[in-house]
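What follows is one structure encoded as structure tokens, with my remarks underneath.
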Amino acid sequence: MRQKKPHVSVVIPTHNRANLVTRAVDSVLGQTYADYEIIVIDDGSTDNTREVLQPYADKIRYIYQDNAGVSAARNAGIRQAQGKWIAFLDSDDQWLPDKLALQIQLVQEAGIKVCFTEVIWQTDARSQKMLEANKTSKNNGRIFDEPLDLILDNVLPNAIPTILVERCLLFKAGCFDEHFSLGEDNFLVYRLAFEGPFGFIEKPCVIIDRVSDRKRLTQDSLGGADLIDGSLISILMRLEAYVRCRRKNKKIIKELRYLLGEFFADTAVLHCLDKNGPDARRFAWDGLHFARSYIAYRRCLSVLLCPWLIRRFSKANQKQKLLVQKNPD
């Protein structure tokens, strides 16, 4: 007899989190919605992760792979998933019991393919109060039709541990980009936003662990490799938004052009100060194209026409700051 496929596949990537991963698994097993499977992708752990998960052998699918980073681990989970819907949970985070039930209800009622929820930050001093308030909070759900709302208003503070998304839509959006070691989750979320309306449950359903002395999964799994600047990821998302939406909303596109102009101008100046002439000129030309402020336009022209002047002013400003530090009065 063919076994029925689960409706939701929960993917938990982990790396050297033996002391935390069972807490994440237990939070899924405690869901009020029961039609799911749990896939734990062990991304090359060297601790006793396998051993602590052994008692869960009949409740999870444990898959070990050589260390390749969190994006590769999540993509491996997507490939192994059997459910129509996929949800992700980092091994140091937790779900509240009604997380999946609320999301399934919203996506079915609204006919959407992506849904997120509000979160509780564990390091926040208000976290316990929020947990108490969450018991009586309403399960309000909102539908967003405009992807630029997500990009410009930063609706989602930490989206991936809250997401519920159709598996086929993940493949359409390209899954997680394994070239990124930082911001790959936000990059995917923004691309998903362009695939249609998405839902947002205002009731917190996920506890995000941000204990200061605990390393993040990306840092653990990459072993100290250089991380891509988060501002670069942000600008890539805005560029994609500009290309896709430049004919739709002139007011928002004007704001996007302003942000792009400022970014390219600042980046051109930084390369100029590093005496990286080719890159400085390249970013300056891009900045001139997008610039919507006099300051950004002037910076780009300065990089192109008199880069020596920028370096001179930079040295003068540094000397002035040192004098102020020595003589604050």
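General remarks:
- A count restricted to segment 46-62 and to residues that are in contact (Cβ under 8 Å) with a residue 24 or more places away in the chain and closer than 20 Å to Q94 by Cα stands at 7.
- Number of positions in segment 75-95 that are buried (at least 21 other Cβ atoms within 10 Å of the Cβ) and in a loop (DSSP other than H, G, I, E, B): 6
- For L29, the test of being in contact with a Phe, Trp or Tyr (Cβ under 7 Å, 6 or more places away or on another chain), under 16 Å from V11 (Cα atoms) and of a type in the set (A, V, I, L, M, F, W, C) is failed.
- Of all the listed residues (L273, L256, L309, L304), the sole one being closer than 20 Å to A193 by Cα, in contact with a helix residue (DSSP H, G or I) (Cβ under 9 Å, 6 or more places away or on another chain), at pLDDT 70 or above and not acidic (D, E) is L256.
- Residue within segment 47-67 that is small (G, A, S) and crowded, with 19+ Cβ neighbours inside 10 Å present: no
- Which listed residue is over 20 Å from the mean Cα position of the chain (by Cα), surrounded by 21 or more Cβ atoms within 10 Å (Cβ to Cβ) and under 24 Å from V119 (Cα atoms), from V25, V70, V11: V25
- Qualifying residue in segment 30-48 (condition: part of a helix (DSSP H, G or I) and either touching a strand residue (DSSP E or B) at 6+ places or on another chain (Cβ under 9 Å) or at pLDDT below 95 (or both)): no
- In segment 92-118, the residues that are within 26 Å of N19 (Cβ to Cβ) form Cβ pairs under 9 Å with partners that are part of a strand (DSSP E or B) and of a type in the set (D, E, K, R), at six or more places apart or across chains, as follows: L96/K203; T117/E202; T117/K203.
- Counted residues, segment 28-46 - those being among the charged types (D, E, K, R) and surrounded by fewer than 18 Cβ atoms within 10 Å (Cβ to Cβ): 1
- Every condition in (1) under 20 Å from G83 (Cβ atoms); (2) out of contact with any Gly (no Cβ under 7 Å at 6 or more places or on another chain); (3) not in a helix (DSSP H, G or I) holds for A24 except the one numbered (3).
The values are calculated or read from the model by the stated rules, or taken from the named source; none is laboratory data. Treat the numbers as computed from the prediction; the structure is a model and nothing was measured. Reconstructed Cβ throughout: ideal geometry from the backbone, glycine too, with neighbour counts over all protein chains shown.
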